[in-house]
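First comes the structure, then the notes that go with it.
Since every read-out is calculated from the coordinates, none of them should be taken as a lab result. As the structure is a computational prediction, the values presented were derived from the model and not from experiment. Cβ coordinates were reconstructed from backbone atoms using ideal geometry, including for glycine residues, and neighbour counts include every protein chain displayed.
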Amino acid sequence: MPESERRRAPSFTAKRPCRPGAVPGAFVDVEGGKLYYEECGTGSDAVILIHEGIAHSAVWDDVWPTFCERFHTIRYDRRGYGRTPASTTWYAETEDLATLLRNRKVSHAIVVGSSHGGERSIDFTLQYPALVRQLVLVGAVVGGFPYTDHFLNRGINNSQP
């Protein structure tokens, strides 16, 4: 693949809080670990942004300010991504998200997942339907299908500098 077509994985850049008193980033304790999250905005509708499998929550940087102006918005780094440490024990990503929502006092959310984050969003919706008001999938990956060479090469090239 030509160098001009290779992309770098986005680097983490914390955004300024979008509302007075907002914290640009914090951690929440989950079973056997902790999750890094950012939260902004106000409103009765909470939006949770779930990143894909080869990046972290900074992939939402371009849309973050817009979401923050219109919704109570939360994005987080799944275990082993961004500022969230990798787990040393077994864990359930669906339970991590449920714990995060309970901690932030979100009774139901608009769940937005991209790629593998979409797969996680589907799993979460099936396990915790009462916590999901709406489900938005962006190029969701679903299990049960083998990866193609094109997909694997694209993932490798997008994750290396």
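Figures for the structure shown
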quantity	calculated
Karplus-derived HN-Hα couplings along the range 47-63 (A = 6.51, B = -1.76, C = 1.60, θ = phi - 60°), whole Hz, x at Gly and Pro	10, 10, 9, 10, 6, 7, x, 10, 9, 9, 4, 5, 4, 8, 3, 5, 9
Low-density loop cleavage sites - chymotrypsin sites (Phe, Trp or Tyr not before Pro) in the range 69-121, where at most 16 other Cβ are within 10 Å (DSSP)	Trp90, Tyr91
³J(HN,Hα) computed for each position of the range 89-94 - Karplus, 6.51 cos²θ - 1.76 cosθ + 1.60, integer Hz, glycine/proline x	9, 5, 8, 10, 4, 5
Proximal charge balance of Tyr91 [Cβ under 15 Å; K/R count +1, D/E count -1]	-3
Size of the range 26-72 as Cα extents on the principal axes (Å, biggest first)	33, 25, 15
Scaled radius of gyration (Cα, divided by 2.2 N^0.38 Å) that the range 19-159 gives	1.03
Protection proxy ranking, peptides 107-113, 147-153, average beta carbon neighbours within 10 Å, highest first	107-113, 147-153
